[in-house]
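Participant: Take this structure, written in structure tokens, and hold onto it; I'll ask about it next.
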Amino acid sequence: MGCWVPAECSLSRRLSPSPSTVGGWSPIKNLGDPHVREIANFAVEEHDKQAGENQILIKVLRGETQIVSGVNYRLVIKVADGDALEDFEVIVWDKPWAKFRKLTSFRPIKHQRKP
């Protein structure tokens with residue numbers, strides 16, 4: 001099965017470890033990739049606009065991509081909110097050839113405390 005959208009194919013090859021199955025999630029090999037950081041920053045900025053907050057991206061902890069009509073990025077990120085550090089799972093839908101990007105999920109990750 002070939003790729004119909006060159007930008008989508010290029011991102012898929014660059015970010016996933018092997019050819020992706022449409023609809024399946026594949027781990028991102030290079031979390032330091034500038035495009036991954038751009039997606040993470042977009043998620044934080046969009047959330048801040050919607051929630052009236054002022055968080056700052058600290059680090060991308062892990063991530064996966066899913067080839068759909070574009071690429072879904074599911075990232076776990078660490079952000080600073082004032083003096084507090086928090087982890088969030090975010091999902092961003094990206095269609096670079098259409099200049100389209102949308103934050104579809106931004107949820108906190110609750111860590112269990114050890115007794």
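Readers should treat all values here as calculations from the given coordinates under stated rules, not as data from a laboratory. Bear in mind the structure is a predicted one, so any value in this text is a computation, not a measurement. Please note: Cβ atoms are built from the backbone with ideal geometry, for glycine as well, and neighbour counts cover all protein chains shown.
Participant: For LYS78, what is the net charge nearby, where nearby means another residue's Cβ is under 10 Å from its Cβ and Lys, Arg count +1, Asp, Glu -1?
Facilitator: Here the count lands on -1.
Participant: Need the list of lysines near LYS29 for cross-linking: C-alpha distance under 27 angstrom, and skip anything on the same chain fewer than eight residues off.
Facilitator: LYS59, LYS78, LYS95, LYS99, LYS102, LYS110
Participant: May I pose another question? So, by mean Cβ neighbours within 10 angstrom, what's the order for 88-101, 34-47 with the highest one leading?
Facilitator: 34-47, 88-101
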